[in-house]
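The values are calculated or read from the model by the stated rules, or taken from the named source; none is laboratory data. Model, not experiment: these values are computed from the prediction. Backbone-built Cβ (ideal geometry, glycine too); neighbour counts: all protein chains shown.
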């Protein structure tokens, strides 16, 4: 895992270097992580109500207790849109509230889920189904 993570760090000519925004915040010891980037004008962001969604990362924290989703959007209302989508989805599907939902910076929203909860990993796999398959390591 550590070697995969090292290879994924941005470097000149690296095939994953364009995931720099998505990879920011993924800890070295993460036992699982995935990234997805959308092309400008891609219809995928429309699915979650944000046509300016640029990508996301998902990772399991090293303590294996929390799943973190980081959504990167160029939309000035990206945080509000992401919060609404995740809040509504989790409530409707009976998963409860996220442990944390914060605006990291002007473009990035972080959602933290309890990986130890019953079916705690399910929301992440639904994310993959809705937004398409990421690069998973």
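Taking every residue in the stretch 102-119 that is on the phi < 0 side of the Ramachandran plot and touching a residue at least 24 places away in the same chain (Cβ under 8 Å) and pairing it with any residue that is exposed (fewer than 12 other Cβ atoms within 10 Å of the Cβ) and part of a strand (DSSP E or B), at least 6 positions away or on another chain, the pairs with Cβ-Cβ distances below 6 Å are 112/100. Do we find that residue 26 is part of a loop (DSSP other than H, G, I, E, B), under 12 Å from the mean Cα position of the chain (by Cα) and modelled with pLDDT of 80 or more in this structure? Here the answer is yes, as residue 26 does meet what is asked.
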